[in-house]
Every structure is written in C-alpha cells, then in structure tokens.
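J.: Pasting a structure here, questions to come.
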Amino acid sequence: MVLKFLTIFIFLFQITYIYSLENGLARTPPMGWMTWQRFRCVTDCQNFPDSCISEKLIREMADRMADDGYLEAGYNYIIVDDCWLATKRDKDNRLQPDPVRFPNGIRALADYVHSKGLKFGIYEDYGTLTCGGYPGSIDHLELDAETFAEWTVDYLKLDGCYADIHEMDEGYPLMGHYLNKTNRQIVYSCSWPAYQEGTIQPNYTKIAEYCNLWRNYDDIDDNFGSLNDIIQWFASKQDNLSLVHGPGSWNDPDMLIIGNYGLSYGQSRAQMAIWSIMSAPLIMSVDLREIKPWHSEILLNKNLIAINQDKLGIMGKRFSVVNNVEIWKKF
C-alpha cells in the first residue's frame, strides 16, 4: 500500500499502565543525530576525509547541531554508530577506538560533545562481533559498561549481530543491569526484538522493562519503499506495540532519512509527521554541513516536535484507510 496523503487528528487520554526501565531516562522520545544511515561504515579517511567515521566528523556534526538550531529544537544526542572501534581490544580486554580516526580517544570526544551542550552516544553489539566486524561485547558486558561510563557516555545502542537470538532475553537485560550498576545515567537502546521478529515472538513486556527504546524491524534505507514498508509494518502491529510504548520505553522505527537523497519533499514531510504522531525517537542521519534549507525546516518544525515530545507519550496509530489515503491520529 502506498502512502499518498496524511491527515492528523490528535486526542489525548491518560495512560494507566506503562512498563519502563527504572533509570528515569527518556521520559520523552529521544532526539538526536546518528552516523549510520548517512555515513555507514566509511573508514577510509585518506580518500574520504569528510565522510569517514572519525572524531573529525563527530566534532563537525556537534558544531552544526549546536550552532544551527538543532540543539535548541531538542536534538540533544549525537551518536556514533558502528565502525568506530579498533579491530582488537587492548591488553586489558578493554574496548578502544581506531587510533588513526580517533587519535584523542573517546573520552576527549565525549568532552567536546558535552562542551557544546550535547549528550554523547555510542554503539556496540551484544554478539561476538559488531555488524561491521569489530569486537562485540558478549564476553565483556560488565567491563564494557564500566568503560562507557568512564568515557562519560550518555546513550548506548546495543546491536544484535553475531548473537544467538534465544539468548537475547537474558543478555540484553544483563547489559542493562551493568549499565545501571555504573551509576551513570545512560539511555539504553536495544536491537533485541528486531533480530527475533519473524523467527520467535519477542517478549515486548520484558523488552520494555529493560530498555529505554528498541528497534523492532528492518533497517531503514534511503528510499520511499523502505520508509513505507516500515510504516505499514508498524501499522499492522500497532495495537500490541502501543501497550508497551510510553515514557521511558519507546518503539523505534529507525532513523529519520530526511535530508539525504531518497525522499521527495512530500515524502520527507510524511516521515516527520508519522514519526511525530507515533511518538517515535527522532534520530536524524544526514550531513548537517550540506543540508538544504527545506530539509532543515521539516526537521525543525516546532509543531511536529511538540506532538512528538508530548509528555503523555501516547503512540499514535493509523485510524483508517480510504482509497489508499491513510489517516493517522493520537487518541
């Protein structure tokens, strides 16, 4: 079904039961910027100095977020996705960044991000390796949680490549336990159900108890077909997903691809509107140094952000479909 038009109706009511991670974080959907969709796993800084995953890239994006109105609008997390790591742990089995691309280390980078008024996020994987083939966390969960806290990380995305999906129901909560044990406030983003969907039924009640947000479905790609597929999937599951969605626990349909190459003006507006109605995390993945003004206007739309950040955290739903026109509302 192709999404052609969008009508928004908003009705609010009080939610009585919401399960959430007991860390007091993410009381509204997280907002920020992430490397992955736009910059992927580019590590060749010699040939691609402006787009490789590096401290230079993160510093420049932090500058743009702070100076161009994104932080003021609420986008306060800057998150380094996969491919920041060195290929091996250090002699003490601690994670370490690639020394060429991150010569000053992660703590110094986090300090720079914090100096801009932003919060710093990082990526790891529950399995033996990250999706990009770098060291995973499965045998070092507590050590890695301690390392992230020492680096003053504020947000962890824990992916699920190279892991047994049947062990995730124990492994992801364990990492959450170790994060809380550090006494540092770290938003915990899990990819747990995204790997189980289609094979085993995810226990969303348990997932919502141990994660602040979680990826449910496939990665978004920079085209409308991918975007529409995600929208239709969430619409088909909305009645069950909405039961565990709210302050401290959010279904995550993946990044905003507005400002890249694959969406038209209308399609960009549709993604921002539906993500806002669903109270989904608003995580941009775009080159903020080159973004066009009309893309920025969509991402900085105060009315849509206000709908998204409503403190009740109600997950909006597709209300009806008439002649291929979808009507979504918060109710």
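J.: Conditions first: (1) open to solvent by 10 Å² or more (accessible area, probe 1.4 Å); (2) in a loop (DSSP other than H, G, I, E, B); (3) touching a residue at least 40 places away in the same chain (Cβ under 8 Å). Glu290 passes all but one, so which condition is the exception?
T.: Glu290 satisfies every listed condition except (3).
For (1) more than 26 Å from Ile186 (Cβ to Cβ); (2) out of contact with any Phe, Trp or Tyr (no Cβ under 7 Å at 6 or more places or on another chain), each residue gets a yes or a no:
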{"position": "Asn216", "(1), (2)": "no, yes"}
{"position": "Gln232", "(1), (2)": "yes, yes"}
{"position": "Asp239", "(1), (2)": "yes, yes"}
{"position": "Gly246", "(1), (2)": "no, yes"}
{"position": "Asn260", "(1), (2)": "yes, yes"}
{"position": "Gln271", "(1), (2)": "yes, yes"}
{"position": "Ile274", "(1), (2)": "yes, no"}
{"position": "Pro281", "(1), (2)": "no, no"}
{"position": "Ser285", "(1), (2)": "no, no"}
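J.: Continuing with this model, one more query. Looking at region 254-282, which of its residues are open to solvent by less than 10 Å² (accessible area, probe 1.4 Å), farther than 20 Å from Lys237 by Cα and assigned to a loop (DSSP other than H, G, I, E, B)?
T.: Ile257, Ile258 - these are the residues of region 254-282 that are open to solvent by less than 10 Å² (accessible area, probe 1.4 Å), farther than 20 Å from Lys237 by Cα and assigned to a loop (DSSP other than H, G, I, E, B).
J.: Determine whether Gly32 is more than 15 Å from the chain's Cα centre (by Cα) and either of a type in the set (S, T, N, Q) or modelled with pLDDT of 95 or more (or both).
T.: no
J.: Quick one: count up the residues across region 171-189 that are closer than 19 Å to Pro247 by Cα and open to solvent by 10 Å² or more (accessible area, probe 1.4 Å).
T.: The total comes to 3.
J.: Quick test of your reading of the structure: Leu227 fulfils all but one of (1) under 18 Å from the mean Cα position of the chain (by Cα); (2) outside any helix (DSSP H, G or I). Name the failing condition by number.
T.: Result: Leu227 fails condition (2) only.
J.: Looking only at region 174-189, how many residues end up being assigned to a helix (DSSP H, G or I), touching a residue at least 24 places away in the same chain (Cβ under 8 Å) and not hydroxyl-bearing (Ser, Thr, Tyr)?
T.: 6
J.: Here's something else I'd like to know. Of the conditions (1) in contact with a strand residue (DSSP E or B) (Cβ under 8 Å, 6 or more places away or on another chain); (2) open to solvent by less than 10 Å² (accessible area, probe 1.4 Å); (3) part of a helix (DSSP H, G or I), Ser242 clears all except one; give me its number.
T.: The one condition Ser242 does not meet is (2).
J.: On to the next question. Here are some conditions: (1) surrounded by 15 or more Cβ atoms within 10 Å (Cβ to Cβ); (2) more than 19 Å from the chain's Cα centre (by Cα); (3) closer than 26 Å to Trp214 by Cα; (4) of a type in the set (Ser, Thr, Tyr). Tyr123 meets all but one. Which one does it not meet?
T.: Here Tyr123 meets the rest and fails (2).
J.: Tell me which residues, restricted to region 190-218, are of a type in the set (Phe, Trp, Tyr) and either open to solvent by 50 Å² or more (accessible area, probe 1.4 Å) or outside any strand (DSSP E or B) (or both).
T.: Once the filter is applied, which keeps residues that are of a type in the set (Phe, Trp, Tyr) and either open to solvent by 50 Å² or more (accessible area, probe 1.4 Å) or outside any strand (DSSP E or B) (or both), region 190-218 yields Trp192, Tyr195, Tyr204, Tyr210, Tyr217.
J.: Here's another thing I want to ask about it. Do we find that Thr199 is in contact with a Lys or Arg (Cβ under 8 Å, 6 or more places away or on another chain) and hydroxyl-bearing (Ser, Thr, Tyr) in this structure?
T.: no
J.: Going through region 136-159 one residue at a time, which ones are open to solvent by 40 Å² or more (accessible area, probe 1.4 Å) and charged (D, E, K, R)?
T.: Asp139, Glu142, Glu146, Glu150
The values are calculated or read from the model by the stated rules, or taken from the named source; none is laboratory data. In this text, all values refer to a predicted model and were calculated from it rather than measured experimentally. Positions of Cβ are generated from backbone atoms using ideal geometry, with glycine treated the same way; all protein chains shown enter the neighbour counts. Please note that ligands, DNA and RNA were not included when accessible areas were found on the heavy atoms of the full protein model with its side chains. Shrake-Rupley method; radii C 1.70, N 1.55, O 1.52, S 1.80 Å.
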